[in-house]
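The values are calculated or read from the model by the stated rules, or taken from the named source; none is laboratory data. Model, not experiment: these values are computed from the prediction. Virtual Cβ from ideal backbone geometry, glycine too; neighbours counted across all protein chains shown.
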Amino acid sequence: MLFKLHEASMRPYIELIWGWNTSDQRKMFTERLELSQIEIIEEDDTAVGMVEVVQQEDHIHLNNIRIFPMHQGKRIGTYIINEIWALVKSKSLPLKLRVFKVNKKTKELHQRLGFQIIGELEHHYIMERKT
């Protein structure tokens, strides 16, 4: 289910940047996944996405938030990010994430939720929301 979600939600962006190779993507996805940090997002007892949050020394990192495309636009991601933010605020740490530069819709969502661009990599914006 997790790789299907990765493919469904990220393939359009990965294809634009590097091209898509299913076996390479599956290998990289499996190697980078922190299963102990993942929570499945459900709506009406149906898995609609996943979130992966990792505590770093000086910030909380939203490693992944993925919603199946058929469930996007229902404010599920907004709800999850706001829930994470409520927990992060109590720790007085910033919340950071990376977003593909080609994923303008998601970048704009994060900006509406109070994130600011604090840096850039070749294909990503680094964004942060401070307490």
- Item | Tally of residues being of a type in the set (A, V, I, L, M, F, W, C) and touching a helix residue (DSSP H, G or I) at 6+ places or on another chain (Cβ under 7 Å) across region 34-60 | 7
- With respect to LYS91, determine if the residue is basic (Lys, Arg) and under 19 Å from MET10 (Cβ atoms). no
- Enumerate the strands (runs of 3 or more DSSP E) found wholly within region 65-131, keeping only those where 3 or more residues are within 14 Å of the chain's Cα centre (by Cα) and closer than 28 Å to LYS4 by Cα. 95-100, 124-129
- Pair list, Cβ under 6 Å, 6 or more apart: region 1-23 residue in a helix (DSSP H, G or I), other residue of a type in the set (Val, Ile, Thr): TYR13/VAL102; LEU16/VAL102
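Considering only region 13-43, state which residues are basic (Lys, Arg) and either surrounded by 12 or more Cβ atoms within 10 Å (Cβ to Cβ) or on the phi > 0 side of the Ramachandran plot (or both).
If the condition is that a residue be basic (Lys, Arg) and either surrounded by 12 or more Cβ atoms within 10 Å (Cβ to Cβ) or on the phi > 0 side of the Ramachandran plot (or both), then ARG26 is the only one that fits.
Looking only at residues in region 44-58 that are surrounded by fewer than 16 Cβ atoms within 10 Å (Cβ to Cβ) and either at pLDDT 95 or above or not acidic (Asp, Glu) (or both), which one is nearest to the chain's Cα centre (by Cα)?
Checking each candidate, the answer is VAL54.
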- Message: I'm told VAL99 meets every condition in (1) modelled with pLDDT of 95 or more; (2) surrounded by fewer than 13 Cβ atoms within 10 Å (Cβ to Cβ) except one. Can you identify the failing condition by its number?
- Response: (2)
